[in-house]
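Only one structure is covered here, and it is reproduced in the block below.
The values are calculated or read from the model by the stated rules, or taken from the named source; none is laboratory data. Model, not experiment: these values are computed from the prediction. Here the Cβ positions follow ideal geometry from the backbone for every residue, glycine too, while neighbour counts run over all protein chains shown. Keep in mind that these areas ignore ligands, DNA and RNA; they rest on the heavy atoms of the full protein, side chains included. Shrake-Rupley method; radii C 1.70, N 1.55, O 1.52, S 1.80 Å.
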Amino acid sequence: MRVPVSWLREFVDLPNDAAAIADRLAMLGFPVASIENRPSITGVVVGRIVELEKHPNADRLLVARVDVAGERPLTVATAATNVATGQTIALATIGARLPALTIEPRKMRGVASEGMMISAEELALPAEWFEDGIMQLDSTVELGENAIDVLGLETAVLDVEITSNRVDAMSVIGLARELAASYGVPLRLPSFSNPGTGAEPPGARPRVSIESADCVRFVAQRFGGIRVGAAPTWMRVRLALAGQRPINDIVDVSNYVMLETGQPLHFYDADRVSGAHFIVRDARNGEKIVTLDGVERILSEQALVIADEEHALGLAGLMGGMSSEVTDATTAMILEAANFNGARVRRMSSQLGLRTEASARHEKTLAPALAEIGAARAAQLLVAFGATAYEARAFGTQGAPPAPITLPVREVERLLGLDIPQARIIEHLEALGCSVLPEKADRLLVTPPLWRRDLLIAADLVEEIARMEGYDKIVPVVPSVAAHDVSSAQYDLEGRIARALAALGYREIITHSLRGAQPFERAARAGLAPDRDEVEVLNPLSEEQRFLRDSLVPGLIEYMATVNAPVRVFEIGHVFAQRDGRITERPALAFGFAAERLDEPAWRDAHFLELKGDCEAFLRDVTGRRDAVSAGARASFHPGKTALVSIDGREIGVIGRIDPRLERAYDAKLPVYVCSLDLEALPAYRLPHYRPPAKFPSTYRDLALIVDLDVTAQQIEGTIAGALGPICTGARVFDEYRGRQVGADRKSLAVRITLQRTDTTITDDDADAAIDRAIEVLREAFGAEIRA
Amino acid sequence: MSELATQLEELRRRFGNAVAGAPDEAGLEQVRIAYLGRNGEVTQVRRTIGRLPAHERPAAGKSINDAVGAMEAELQTAQARLESLTFQSELAESIDVTFPAIPAGAGSLNPVRRVIDDACTYFRRHGFAVVVGDEIESDYNNFDALNIPSDHPAREGFDSFWITATLLLRPHTSPVQIRTMQQHRPPIAIVAPGKCFRRDAVDARHLFQFHQIEGLLVAQGIHFGHLKGMLAEMCRELFGAQQSVRFRPSYFPFTEPSAEVDTTCPKCGGEGASCSMCGGSGWIELGGAGMVHPSVLREVGYDPDIYSGWAFGFGVERLALARYEVDDIRRFINGDPNFLEQLA
Ligand SMILES: [Zn+2]
C-alpha cells in the first residue's frame, strides 16, 4: 500500500525523517518496501488568472496577469490552451526550482514573462492522470500560498507491506493508529458523524434485504444533487501519490474513503436500482452480470451478489456492475458500505479470477463497525462537494464484538523470556485500544478493540506487547537442549554419500525435479519406449513443470549435453513414480561423467571400468561392503555396456554407458557414463574387522588362458577360487587380448593367482600343484587352453 | 721386498685405479666387492698366509690388515666424493614452480549443501537432530495441522503445485515439524533441510524449486529469547563474527508471536546505499520464525500450557546467495562447472 506521509500526519504527529518512520513501521510488523522521496520544489505559489489576452506578436501564445497576492499581478506568457480568466493555478515564479528546470526571467516574443503556469508533469505527477495543460487548483485556496504545501506534495511516499492478518491496518488511519500507539502520541481521528439527514423522496428510501449470512452489515445512504465532475485538486493529488488514478469525484471519494478508513464503498445510480431495494443473496446458477471492467461473468451459487428486485447489480465485496453504474447523467445515487464474510469473498474472487482493492480488504473480513464510519466519511466529502445527503440506513448486525481474552501475566515472560511489569503490559495493550481489567491476581481480562479481529488468544496479546516493547528488547539466550530420541540417520547417509563422491572427483549438482515431456520425447526419438509411470502435477505454471522426475538420469544427461565438455557430476534427490494410483517417492543417487571417446577395440571400454572402480570405491566407503555386478539391460543404457549392481544379492542400481541413440537425442556430443543407485536399497554400513597379515609369505603365478568370447572374467576368477579353496587368496584377471593369434572366436585372458598357506611358507611344489589343479578345472569348465 | 709386499702393492695400485675409475656409487660398490668382498682379491691374498712359515704369519697378517685399512679409507674418501657428485646432479635439477598444477580430482559439494551442512553442524552441536521429509505432502500436514484451514487467507502465500486434491509438493519444510511431533514426545529439537516448491515466476531472486531449512525446538521453558540467541549465533557461524541479526514482527498462522529475521548484508556490511545484494537496506531477509502457535501444539497432542517452542524456516538459496555473493539465484539450479568450481 502506497502511503503519503503527509496523509499520515493528518492523524498523528510524526518525526520529520521519513526513513525513521519507515523503520518504526518495519519494527511494528509493517515493512516498507520503498521510500519514494518527492523531488524538492521551491518558488511555486498559488495564483489566479485575473486577465488574459492574446500575445501581441504570437498567435499561439497568451499573456496572463496572475494575482499572487503580491504588490501587483505578474505577467506570464503561456502556450497552454486550457487557461481562462478566474482560474486558480500554480505559478512558478522567478527563481523557482522544479525537478527539470529553474525559472528565470525571459522574454517570450517581446513580452517579459515573470513566471510559468505549471502542469502536473512539472510537479512530477503522472501527467496522464491529470488534465492536459495547466493544472487547475481549487478556488478556495489562498492566493500567494506555497502551492506545494497546499497540494501536499512535499512528502515522502511509503510503500508499506501489510500482513494478511492486519486488515485493520490496510488504511491510512489504521497505520496512523499503530504509529500513534508506538510513539505514545495521540491519534487525531476525523469526525465520524454522518451529515445525512432527512427523508428521501417518496419511494426513494433505500431498503436492504439480507438473504445470506455472509453479509453481516449493509449501510445504504441516498445522495441527491449529484453532478459528476472532477474532484478537488488536493484529493486528486493525494490519490495520485497513493498510486490511485483520479477518475471523477464520485469514484475518487470512494477510493479516498477506502484508503483512509479501510472500508470499501460502492455507489449505485439511484435511478437504476429498481425500487431502491437491495437484496444480498446467492447468485443463481448461470446468472449473468457485466461487471464494471466490461466483462460478462456467468455466476454460480458460490457467488454472492447485490441485486435489486430484477437482477444482480454487483458482486459482493468484489466489483459493481455496469447496469447501475454512476455516469455523467447520474443525479442521485445510493452508497453501499457493507461487511461480508471474508472467506466467501475470497472464494468468489479466486473462482472468478478477479481481485480488486475492495476484495483485498473484504476477503480478510473487515470489522462491521467500519461500514458506518466509511459511509460517514463519504457523506462528509460529498456534502462538501455540494451533494445532498439523506439519512444513512444500516441493515444487518454489528457482528459479535471481539471476545475478552484472559491473559495470565506470567505468560508474557514464559513466551518472550522478558520480564515486563504488569503496569507496562497494561499500558501497551491500552495504547493499542484494548480495554484491560484485572481478572484475578496475575491475570488480566483483555478486550480487543472493535477493529482488531485478529486478537483471539493470549499468545496474540503477547505478540502485541512484544511489538510495543520492541522485539529488539528481547534478550538473546542460547538454550541448553534436553536429550531427545529423534534420529539424524537419513541426513547423515546423504552427507556421507555426497562427501564420498566429492572425494572421488564428482561435483554435486541440483537439477529440476519438475520436468516437461522432453525426457519421453527424447527417449521416443532414440527409439526407446520407457514406462510412463511418472507423477503429474495438476497445475503447472508451464509445460516444463508438468511431471515429477522418475529418475535422476535424464537430468544428468541433459546437464552433460549442456556443458558439452568432460565433466564429472552427481545428484542426490527424490524420484517419484505412480503405479496403480499409488504414488511413491524414493531417495536416489546418480553419478557419472562425460569423457572423450578413447581409441579402443569394440570389446574394451576403459571409461566403463573407471566408473565401475568409482562405484566400488563409493559403495565400499558408504556401506563398508563390496558390490557385485552382472551384465544386464536397462532402457536408456547401452545394451552391451551395462551392468546391474548388487550388494549381498540385493540389486541396488545400474552402471553403464548411456544408449548412444539417447545421447544423440539429448545432443550430447561426448559419451556419457552413469551409475544410478536406489538409496533405499543401500544396506547399512558394516564396520570392517581387522585381520592381521599372514605370518607366512605368499607367492603368485600368472596364467594366460585362451577361452571362448562369452567366458567372463568373473567366471574365471570364481572358478579358480572355488577349485583351489583357502590356499588361493586372490584370482584376478588383469589383461585381455583378442586378435589373429588366438582366433576370431576366442580371447586370451591373463590371470594372476595368489597363493598362501596359513600354517607354513608355501613351497614351489605346493604352488605348482595348485596351479595344475586350477588349469585342469578351467579346461573342464571352459575348454580353456593355456597359452605358452 | 717380500713377495707379499709386492703383491699388496700391485693390488693397491689396481684398486686405486679402479676406485678412481668408478663412475658412481654403484660402480664403487662393485669395486668394493671385487677387492674387499667376501670372495674379493684381498681374501685371496689372505688365504696365501697359510702357506707362509709360522713366524712370518703375524707380520704378513699385519701388512694385509694395514693395506685393507688404507683401502677402506680410500674407499671412504671416494664414497664421499661420489655421494656429493650424486647429490650435486640431483640438486642441480630445477623446475618452474609456477607451472600450472596437475588438477586434483575436482569433486565438490553443492553450495546449497554446504550452507545446509554448516547450519546443521551448528544446531547438532547444540543437541539438535537433522530430519528429512518427503517432498510430496498431504494438505493436512502442510496447512491444516499448521493452523491454516482451507479458507485461511495465508494459503494464498503458498501457491503450491498440487498432485491430487489432497496431495501437493510441499511449499515449505514445516510439515516435517508436524511429522516429527506426531511421532515423538517433547522435548523436540530438530532442523529439517529440504526441497520445496512454489508456483513462483522464476527471476534473479526467485525459483519455483528451492531449499528451506526448518528449525523446531519444543520443551518446557523455551521462549523467544532462545530463538534470538540461536539464530544470531547461527548467522555468525555462517557469515562471520561481525554479523548482527534483526527480528521484526510479522505474521504466520503457525507461530505467535511471529517474526521476520534479517541479518546484516554480508556484501556491504550493512553500509551500502547502492548495494546490489540488499538493495541498499543493509539487511538480507532470512525468512520467518516465531513461537509455535498453541493450536499447532494442541493438534499434535502437546499441552501448550506446559510446553512452548520456537520454529523458523529460512530459504537456503537466499542464504547461499548472500554468503557467496551470487548475483542470480538461478545459478544454483543446473550450476555450470565454472560456478561449481568457484564455490567448491
Ligand atoms: Zn548490501
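Things worth noting here:
- The simple spin-label model puts a point 7 Å past each Cα toward its Cβ; for residue A:154 and residue A:630 those points are separated by 9.0 nm.
- Computed from label points 7 Å out along Cα-Cβ, the spacing between residue A:354 and residue A:192 is 3.0 nm.
- Cα-centre dipole for the protein assembly as shown with unit charges at Cβ (Lys and Arg positive, Asp and Glu negative), debye to 20: 1280 debye
- Förster radius 51 Å - calculated FRET efficiency between residue B:5 and residue B:88, Cβ distance, rounded to 0.05: 0.85
- Computed over chain A, the per-residue total of -39500 (n - 2.57) for DSSP H runs of n ≥ 4 gives a 222 nm mean residue ellipticity of -8000 deg cm²/dmol, rounded to 500.
- Residues whose amide H falls under 5 Å from that of residue A:287, counting only those 5 or more places apart or on a different chain, are A:299, with hydrogens built in the peptide plane.
- Partner shielding of A:504-516 amounts to 6, given as the average count of beta-carbon atoms from other chains within 10 Å of each residue beta-carbon.
- Applying a length cut-off of 20 Å (Cα extent along the axis) and a mean Kyte-Doolittle floor of 1.0 to the DSSP H helices of chain B leaves no helix.
- Under the Karplus curve 6.51 cos²θ - 1.76 cosθ + 1.60, θ = phi - 60°, whole-Hz ³J(HN,Hα) for region A:500-514, x wherever Gly or Pro sits: 4, 6, 4, 5, 8, x, 9, 9, 7, 10, 10, 10, 6, 7, 9
- Largest-first principal axis extents of the Cα set of the protein assembly as shown (Å): 162, 74, 73
- Of the accessible area of chain B, computed with a 1.4 Å probe over protein heavy atoms only, carbon and sulfur atoms account for 50 percent.
- Alpha-carbon gyration tensor eigenvalues x 5, square-rooted, for region B:111-343, Å: 28, 21, 16
- For region B:2-94, the normalised intensity computed at q = 0.16 Å⁻¹ comes to -0.67 (log10 of I(q)/I(0), Debye sum over alpha carbons, equal scatterers, no solvent).
- Region A:271-329 and region A:394-410 have Cα centres spaced 33 Å apart.
- Per-residue SASA entry for residue A:388, accessible area with 1.4 Å probe, Å² rounded to 10: 70 Å²
- A Förster radius of 41 Å combined with the Cβ-Cβ distance from residue B:165 to residue A:207 puts the calculated FRET efficiency at roughly 0.45.
- Total accessible surface hidden between A and B, rounded to 100 Å², 1.4 Å probe: 6900 Å²
- Altogether, the Stokes-Einstein calculation at 4 °C and 1.567 mPa s, with the Kirkwood radius of region A:1-129 over Cα pairs as Rh, returns a diffusion coefficient of 76 µm²/s.
- Amide hydrogen proximity for residue B:192: with H placed 1.01 Å from N in the peptide plane, the residues at 5 or more positions away or on another chain lying under 5 Å are B:131, B:214, B:215.
- Residues B:90, A:53, A:463, sorted by accessible area with the largest first, give B:90, A:53, A:463 [1.4 Å probe; ligands and nucleic acids excluded].
- Residue mean of other protein chain beta carbons inside 10 Å, A:160-167: 4
- For the residues of A:564-576, the average number of beta carbons from a partner chain within 10 Å of their own beta carbon is 3.
- Projected label distance in nm at residue A:17 and residue A:400, using a 7 Å step from Cα toward the beta-carbon: 4.6 nm
- Projecting the Cα atoms of B:31, A:221, A:754 onto the charge dipole of the protein assembly as shown, computed from C-beta unit charges around the Cα centre, puts B:31 farthest toward the positive end.
- Sequence-distant residues sharing a close amide H with residue A:730 (under 5 Å, placed H): A:754
- Along chain A, longest interval not containing exposed chymotrypsin sites (Phe, Trp or Tyr not before Pro), exposed being DSSP loop plus at most 11 other Cβ atoms within 10 Å: A:1-602
- Accessible-area composition of chain A, carbon plus sulfur, in percent [1.4 Å probe]: 49 percent
- What separates the Cα centres of region A:7-37 and region A:458-516 is a distance of 34 Å.
- Spatial separation of Cα centroids for region A:567-641 and region B:29-91, in angstrom: 66 Å
- Solvent-accessible area of residue B:98 with every protein chain in place, 1.4 Å probe, in Å² to the nearest 10: 110 Å²
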